[in-house]
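Beneath this line is the structure, given in structure tokens, with notes to follow.
Just so you know, all these numbers are worked out from the coordinates, no wet-lab data involved. Keep in mind that this is a model prediction, so the values were computed, not measured. FYI the Cβ positions are ideal-geometry reconstructions off the backbone, even for glycines, and counts take in every protein chain you see.
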Amino acid sequence: MDKAGIDTYAHPSIKFKIDKFIIIVVTVCIAAALVFFMLFPIGTILKMSFVKEGGFTLENYLKYFQNPRISRSLYNSFYVSIITMVITTILAFFYAYALQRTTIRGKGFFYIIAFMPLIAPSIMQALALIFLFGRNGLITAHFLKISWSIYGATGIIASEVLYCFPHAVVILYTTLSAVDTRLDEAAQSLGASSLKVFWKVTVPAAKYGLVSAAALTFNLTITDFGNPVVIGGDYNVLATEIFSQVTNLYRFDLGATISVILLVPSVCAFLINYYISKRGFALISGAARPFLQPSRTFKKWGFTIYCGLIAFAIMLVFATVIMGSFVKVWPYDWTLTLKHFHFPSLGGYASIWTSFKVSMAVGLLGAFSTLIAGYIVEKKRPFGVEFLYLLSVMPAAIPGLVMGLGYILAFNEPYYFFYGTPWIIVICVVICNFTLGTLSSVANLKNIDPSVEEAAISLGADSVRTFIKVIFPLSMVAFVQNFIYFFMRAMTTISAVIFLVTATIHLAAIEIIQLDNDGWTASANAMTTCIIAIVVGMLLVLRLLAGTRGFAGFGGATSAPSG
Amino acid sequence: MSKDLKLENLTKVFGNLVAVNRVNLEIREGEFVCLLGPSGCGKTTILRMITGFETPTEGKVIYFGKVINNLMPQQRDFGIIFQSYALFPNMNVQENIAFGLKMRRVPKKTLRERVNEMLDLVGLYDWRENYPAQLSGGQQQRVALARALAPNPSVLLLDEPLSALDAKIRVRLRAVIKRLQQELGITMIYVTHDQEEALAIADRVVVMELGKIKQEGSPLEIYKFPKSSFVADFVGTSNFFKGKRQRDKVQFKDWEFLVPGIESMSTEEIYLAVRPEKVEVMRPGETTEGLERSNLTHGRIEVITFLGAVVRLLISMDGEEIICDVVEKDFELKNLNRGDSVDLYFPPEAFLAYPSSSTEEEHASPE
């Protein structure tokens with residue numbers, strides 16, 4: 001097809017031919033890993049719930065709905081989740097409003113306090129509430145001397161509100177920072193009263209954030225296991241029912257069936273959140289931060305008291321758990337002691353050490369894999385990238401407990417060499433938290449000027465070296481943030497790993513449940529305290545590292561190194 | 001065979017937008033070529049196809065006698081300068097410059113010598129330990145130049161390299177680039193939307209519009225003999241009249257301008273263009289002997305803008321606004337003021353005439 005004269009084509013050398021394939025190979029590997037470690041276990045659960053003796057059946061579902069005690073768990077789950085959703089969203093909205101739209105003092109303090117629950121397992125709230133309002137609670141039995149106790153739906157709702165609060169605040173805080181305050185001012189200048197402005201302008205403008213926060217809270221509550229198992233008592237929810245069917249009755253088929261039932265609302269909540277956050281992004285623009293009018297004294301005091309009360313509740317939870325692990329007999333004998341730290345359970349300190357090692361592995365593997373996944377999704381966009389993106393965001397829709405059950409059902413075969421090793425725990429936790437890691441990697445990579453990568457390529461760097469020399473150093477901050485996130489999740493998660501611990505592999509978070517179950521409540525608190533200490537320690541270490549030059553040079557144009 | 005670069009029928013289609021439409025261009029070794037055009041004319045897309053970041057939909061990029069369409073960007077012997085500098089923020093100046101050499105596994109000693117040589121070339125030796133964030137925009141772009149030149153590429157591609165800088169530094173860095181090109185004898189392809197920059201810097205200017213080349217030639221040719229009204233308008237400033245042709249005259253409103261050499265034109269409707277510096281401004285009563293009477297008009301000075309060596313006048317000619325540039329010395333001599341009535345003279349040979357329908361034809365979209 002060439003005219004005479006030009007028939008010589010230059011062909012890429014072998015080295016660069018291989019380079020072209022690297023991205024494809026890596027993409028396929030990540031996609032394959034997600035299919036194998038996410039879709040396959042979930043598929044196994046579906047199969048177990050629908051198939052009996054080789055044929056399709058709804059027998060399991062009939063059994064579920066015919067047994068009134070078991071099927072009540074569905075109603076119970078919805079009941080506590082909806083109430084938690086409403087309370088948390090409202091509380092978090094006004095809290096975020098106070099931080100973003102008023103001129104109260106101590107915003108930094110309130111901000112940090114709001115996020116404290118993230119560093120502890122989702123069992124701490126229940127433990128604290130039992131110490132405060134339980135049968136021997138400090139407030140109920142000791143101060144008020146009444147026989148009422150918090151076990152059951154009330155306890156679950158109270159602890160879940162405390163547990164979900166930071167998650168809802170994150171979303172609403174961002175939403176309220178994006179909504180243009182000039183709208184409020186415009187409405188005010190047109191003569192609308194403050195209250196009217198609030199209802200007619202501020203709230204409608206934040207509606208996406210409100211729906212998103214509500215959906216997330218609902219999802220967190222309905223899939224949580226730690227709090228209901230401790231404080232629920234006889235009040236069974238879907239998550240605890242799965243656990244008792246599998247662990248106590250060895251009814252894997254029913255466990256799988258309830259998992260599928262739990263999967264439905266969880267996926268719905270995820271889809272709502274996914275759809276909303278996509279639309280909501282349009283609102284968050286790079287507009288300059290507007291000036292905030294000083295709030296009136298009345299408003300200022302009102303919001304200060306409001307935030308103070310919530311911050312007090314959160315701190316009270318922490319104080320109770322930490323105090324509870326150091327006093328002899330809560331709430332009767334306040335002598336300080338370390339005896340609760342002599343863990344009477346099988347795991348003991350070994351479990352903390354295992355948890356730490358597992359969490360380090362999860363942190364590194366999670367941060368690396370999500371950075372690479374984000375890099376492919378955001379920068380490389382090979383053929384079929386939409387499929388990889390879909391796989392990457394899917395884990396957020398799957399409750400950890402369901403994933404964990406899927407793992408033992410799918411991988412309990414001798415040829416899956418990783419089964420029964422800590423690695424299966426590492427993989428499960430990474431997969432369960434893959435979505436947020438990938439999304440934050442993508443958000444960070446969006447900030448890297450595409451020309452920088454092209455400059456590296458034009459100077460002769462292949463894909464691998466471009467990634468190592470340029471992309472990775474520029475993503476250092478996001479990498480460390482993702483490491484912390486994965487580390488924290490691994491230290492504190494209960495639901496994802498409860499089915500994966502074995503007679504020889506113990507994890508600190510699971511020990512809490514076992515200690516509590518065996519009546520060693522104070523030691524359960526002590527174990528929680530240990531986890532909190534490790535997470536806080538890791539945060540401090542990384543903060544110190546980030547302060548040194550090692551990380552300072554990587555902030556791009558925003559932070560100039562001093563050297 | 002010399003290291004010439006040739007574009008053959010180069011075409012790039014994005015969805016249903018034809019960004020580059022059958023462009024043919026030959027760039028000789030050591031030549032400084034400017035691709036000039038408004039944003040969206042396809043000039044950057046051409047550059048990206050040469051670099052290998054975009055694959056041509058059709059056509060060929062030929063370098064050194066070989067079609068290089070399939071070559072990865074890493075294998076093309078081209079350096080690139082980006083508008084955003086694109087320095088590696090995690091590396092200091094000398095590490096940035098050394099990057100391309102490291103990728104080519106140049107021995108350490110040679111590498112250090114070459115980096116120092118480059119630092120001297122762009123005059124940043126004292127800044128070698130600094131990070132990009134600590135440098136000014138102009139300095140950053142000089143680092144980018146050194147970085148791109150360090151591996152000794154035979155072609156340097158510059159994508160609006162000075163657009164992000166302020167006017168003074170832009171002019172100074174323009175001179176640095178021109179000097180480097182002449183000293184190193186390197187081929188440069190320079191993309192810009194700034195016509196002044198293109199005229200000042202290039203050996204050859206290629207004017208583009210809507211994915212097509214409208215005209216190519218030396219800066220002087222492009223300025224003096226624009227082949228279309230688009231080029232006349234885009235390159236430099238022009239006054240335009242759209243009138244009717246009657247033999248060798250063009251009727252525009254109440255005036256009839258004598259324009260030699262238009263009898264053979266195909267259309268009746270004609271665009272006339274005239275550069276501001278070609279229009280003569282005279283005080284009423286100045287001698288008009290020997291001037292073509294029909295090309296003599298009257299007007300009133302509306303706005304005076306002092307541009308330094310020249311003074312730009314906006315003159316209303318019966319409601320028609322005419323831009324005239326007068327040399328500062330003449331301006332003083334003639335003692336012109338706002339509101340003054342003046343005589344205007346359009347020398348017949350100063351007019352550039354374009355058939356008005358030709359522009360429609362040129363704007364027609366590709367099949």
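Some points to look at:
- Prolate/oblate/rounded call for region A:229-371, Cα gyration tensor, a/c under 1.5 rounded: oblate
- Computed magnitude of the charge dipole of region B:208-258 (debye, nearest 20; Cβ of K, R +1, Cβ of D, E -1): 240
- Shape of region B:1-132, Cα gyration tensor, a/c cut at 1.5: prolate
- Environment charge at A:ILE222 (Cβ cut-off 13 Å; Lys +1, Arg +1, Asp -1, Glu -1): -3
- Listed by chain and number, the lysines whose C-alpha is less than 17 Å from the C-alpha of A:LYS47, apart from same-chain residues fewer than 8 away, are A:LYS63.
- In the elastic network of chain B, a GNM with C-alpha springs shorter than 10 Å, the most mobile of B:GLU280, B:GLU332, B:GLU289 is B:GLU289.
- The distance from the alpha carbon centre of region B:1-64 to that of region A:431-475 is 28 Å, rounded to a whole number.
- Take every DSSP beta bridge whose two residues both sit in the protein assembly as shown; close to 75 percent of them are antiparallel.
- Cα centre as origin, Lys/Arg/Asp/Glu Cβ charges: chain A dipole, Debye: 1280
- Taking trypsin sites (Lys or Arg not before Pro) as exposed when their DSSP state is a loop state and no more than 13 other Cβ atoms lie within 10 Å, the longest site-free interval of chain A runs over A:297-563.
- Within-11-Å neighbourhood charge of A:PHE467 [Cβ basis; K, R +1; D, E -1]: +2
- Fewest-first ranking of B:ARG22, B:ARG247, using other Cβ atoms within 10 Å as the exposure measure: B:ARG247, B:ARG22
- In chain B, taking the dipole from charged Cβ atoms about the Cα centre, the farthest positive-side position among B:MET103, B:GLN195, B:ILE213 is held by B:MET103.
- Links that overshoot a 18 Å alpha carbon limit, given the list A:LYS107/A:LYS207; A:LYS379/A:LYS469; B:LYS60/B:LYS214; A:LYS380/B:LYS12; A:LYS278/A:LYS446: A:LYS107/A:LYS207; B:LYS60/B:LYS214; A:LYS380/B:LYS12
- Other-chain or far-sequence residues with amide H under 5 Å of A:GLY233's (modelled H): A:GLY152
- Applying both filters, DSSP loop and at most 14 other Cβ atoms within 10 Å, to the GluC sites (Glu not before Pro) of region B:89-158 gives B:GLU129.
- Cα gyration tensor shape for chain A, rounded if a/c is under 1.5, else prolate or oblate: oblate
- Most to least packed among B:29-39, A:492-502 [average Cβ atoms within 10 Å]: A:492-502, B:29-39
- Charge context of A:ILE70, other residues only, Cβ under 11 angstrom, K/R +1, D/E -1: +3
- Its Cα centre serving as origin, chain B has a Cβ charge dipole (Lys and Arg +1, Asp and Glu -1) of approximately 1920 debye.
- Phi to ³J(HN,Hα) by Karplus 6.51 cos²θ - 1.76 cosθ + 1.60 over region A:142-152, Hz, x for Gly, Pro: 8, 7, 8, 6, 10, 9, 5, 9, 8, 4, x
- Each helix, a run of at least 4 DSSP H residues, gives -39500 (n - 2.57); summed and divided by the residues of chain A, these come to -21000 deg cm²/dmol at 222 nm.
- Listed from fewest to most Cβ neighbours within 10 Å, the set B:LYS12, B:LYS212 follows the order B:LYS212, B:LYS12.
- Considering only A:GLN188, A:LEU162, A:TYR79, the residue lying farthest towards the positive end of the dipole of region A:76-225 is A:GLN188, judged by Cα position with unit charges set on Cβ.
- Candidates B:ILE301, B:ILE270, B:GLN140 compared by Cα position along the dipole of chain B: farthest toward the positive end lies B:GLN140, with charges placed on Cβ.
- Sequence of A:HIS506, B:HIS193 once ranked by neighbouring C-beta atoms within 10 Å, starting from the fewest: B:HIS193, A:HIS506
- With R₀ fixed at 22 Å, the C-beta to C-beta distance from B:LYS242 to B:LEU291 puts the FRET efficiency at about 0.35.
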